[in-house]
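Reviewing the structure listed below.
Values in this text are rule-based calculations from the coordinates and carry no lab data. Note that the coordinates shown come from a computational prediction; the quantities given were computed from them, not determined experimentally. We place every Cβ from the backbone using ideal geometry, glycine too, and count neighbours over all the protein chains shown.
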């Protein structure tokens, strides 16, 4: 019933918009001829990177850990139709992994609205959709909990999902606003049958849905200043996460996120300053799970993760080497449901330097020091050589 | 659950109405911004932009469309940025 209501709302919304779009097609804008005109146009962009790690507390203290290559194919199929897809190739622990990171067909309905369907970078918060790509992320690692790691709980939708979205942006006075609404397969609850330690954790890589209920989410972004230097966003995602016909079938999850970006060139300190922060909250209904000893237990399934990142690049100084150097600091916290077998409070500080060989190629170096509160500490030096093309 | 969805939608609509009240029109200052200014202001929020000469006219048209959808640029911004990049390569 709930899913029907959501789908009915979307279908009504979309059909109205499509009618508008076809009405516009009757009076198309005159096509502007260029030397490279043609209806179908495509381009391959992407990125490549290679990682090296020094971890003094590990048995293997130095390691070339990962190399990755991600071609992104973009096709403009007409004035209103557009397809984009990214394939990831990367080695992890020596094994080659390949996956379709996203593949989405979009239709530009009108100047305020684009609809799309496929596998998409989930528009929840800003990090996953806009910052996570290695040539955009200025540190060689991701914020704690904001990148999917096999065998770890996801605190909110941090992975690509299968679904449908409606999005757009428009001017309001001197400011701007953007929006995304989406329907997706949503998260899958780990019942703990195969991995008792992960009982109650969610995973959003639910590419073939485990139930008929879809999740519903979105993000609203506000850029109140006329120079677009500040963006404030709020996101949400709600949906049922249990497997169909299981005792967890009607378990609900609610995820919320708030993000802030501020980017400005400050001439008095001859530098470009960039600040980014995001917090994700996740609440899952309370349920009973079975631990490794076969005993039932339950816990308050509430978690949050957040990060704050500040970077300064003295781009206006005379020294050509300093001009290409960016200094970064990021503070990361993960408060995972404290009574879960995967719970605990983790804190990590990342201090880094990024040297830009060109506007698209950089060498990144970071020192990360982290601890499980009341538990063990870890530290590492990370190096990444990356280019976007 | 249903209540949450409707409450969420109501909040969003209310918020949109609230921020739209002062002015729904694009101010003159914003409308007069050039493609290079919009390119500099918008792209650098997430990443440093490649040189305009790195791609040809057709490629820029596709790349800016990709970014328009990804980062919800307005149509006017995307058109001005595309023109600037095509004129500068």
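At a glance:
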quantity: Cα gyration tensor shape for the range A:29-147, rounded if a/c is under 1.5, else prolate or oblate; calculated: prolate
quantity: Estimated FRET transfer efficiency when R0 is 22 angstrom, pair residue A:69-residue A:93 (beta carbons, to 0.05); calculated: 0.80
quantity: Label point at residue A:319 placed 7 Å out along Cα→Cβ; residues across the range A:249-281 whose backbone nitrogen lies under 18 Å; calculated: A:268-273
quantity: Share antiparallel - DSSP beta bridges, the range A:41-388, percent rounded to 5; calculated: 100 percent
quantity: Computed FRET value (nearest 0.05) for residue A:136 with residue A:54, which takes r as the C-beta separation and R₀ as 30 Å; calculated: 0.80
quantity: Shielding of A:170-183 by partner chains, average beta-carbon count, 10 Å; calculated: 5
quantity: Inter-chain shielding of B:56-66 (mean C-beta neighbours from other protein chains, 10 Å cut-off); calculated: 6
quantity: Rounded, prolate or oblate (a/c below 1.5 giving rounded, otherwise prolate when a/b exceeds b/c) for the range B:32-89 by Cα gyration tensor; calculated: rounded
quantity: Rough spin-label spacing in nm, given labels placed 7 Å along Cα→Cβ, for residue A:300 and residue A:269; calculated: 3.8 nm
quantity: Quotient of Cα Rg and 2.2 N^0.38 Å for the range A:164-320, N being how many residues it contains; calculated: 1.40
quantity: Global size of the protein assembly as shown as Cα Rg and Dmax, reported in angstrom; calculated: 22.8, 72
quantity: Extended-chain gain in nm, criterion 0.36 nm per residue less alpha-carbon gap, residue A:347 and residue A:252; calculated: 31.4 nm
quantity: Helix-only CD estimate at 222 nm, as mean residue ellipticity for chain A, using -39500 (n - 2.57) per DSSP H run (n ≥ 4); calculated: -2500 deg cm²/dmol
quantity: Sorted peptide list for A:345-354, B:62-71, criterion being average Cβ within 10 angstrom, highest first; calculated: B:62-71, A:345-354
